[in-house]
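Here, each number is a calculation from the coordinates, and none is a lab measurement. Because the structure is predicted, anything quoted here is derived from the model rather than measured. Every residue, glycine as well, gets a Cβ built from its backbone with ideal geometry; the counts of neighbours run over all protein chains shown.
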């Protein structure tokens, strides 16, 4: 029924200010590690994705949803703020105005709305969600993995800095890829009109 059930509210009800901050720091550390993994991470959301669940999904690189999925950051209705990065990732993904609206109202919304605002990439019938997520992962895996990892790294780092620094990061990544055997293989296959590519991740 849920993508992630979320935090234990009965436990959080007893938190002091110090305990609450420690809990938030702990959760943010985990989600930052997920966000900064070298490999791409796909969230397949089927069911409720509220609070910490939505924050977990937003830490993933690509989000897909089933028609049954429900999203939201309802924390203000519990007397707290989002604590695992929701106030920071949601504006970066959907824009400040919509993020403010959703966070300050605590509104729960459906998968089609999530797609409309850019929170998820695609919406599928529930029975198709996992096969579609696996197919997407396989499509990514068919490419040169050094290039995939460098692309993810530069996008993740670049969004947090100015455009001049970001394009310099991109130039570094482009240079790294130009020194790989996979570049030779990929470009060779293109020029030879050869569909099969034998990437070795070197």
Simple label model, 7 Å out from Cα along Cβ direction - residue 41 to residue 18, nm
3.0
Antiparallel content of DSSP bridges confined to the chain, in %, to 5
20
Computed from the beta carbon distance with a Förster radius of 22 Å, FRET efficiency for residue 168 and residue 143 to the nearest 0.05 stands at 0.40
Calculated FRET efficiency for the pair residue 192/residue 101, C-beta based, R₀ 45 Å, to 0.05
0.30
For residue 88 and residue 9 in the same chain, what is the full-extension length gain: residue separation times 0.36 nm, less their Cα-Cα distance, in nm?
26.2 nm
Per the helix-only calculation at 222 nm, which mean residue ellipticity applies to the chain, given -39500 (n - 2.57) for every DSSP H run of n ≥ 4 and division by its residues, nearest 500 deg cm²/dmol?
-17000 deg cm²/dmol
Spin-label model distance (nm) - residue 30 vs residue 76, 7 Å beyond Cα toward Cβ
2.6
Under 10 Å, Cα contacts only: if you run a Gaussian network model on the chain, which one of 70, 22, 152 comes out with the highest mean-square fluctuation?
22
Just how far, in whole angstrom, is the stretch 30-53 from the stretch 126-202 if you go by their alpha carbon centroids?
20
Between 171, 133, 38, find the one with the highest GNM mean-square fluctuation for the chain; connect C-alpha pairs within less than 10 Å.
171
Among (1) 66, 46, 34; (2) 46, 45, 32; (3) 63, 40, 29, the value of Cα extents along the principal axes in Å computed for this structure carries the label (3)
Cut-off 10 angstrom, C-alpha nodes, Gaussian network model of the chain. Which of 104, 130, 50 fluctuates the most?
104
Using R₀ = 30 Å, calculate the FRET efficiency as 1/(1 + (r/R₀)^6) where r is the Cβ-Cβ separation of residue 157 and residue 122; round to 0.05.
0.70
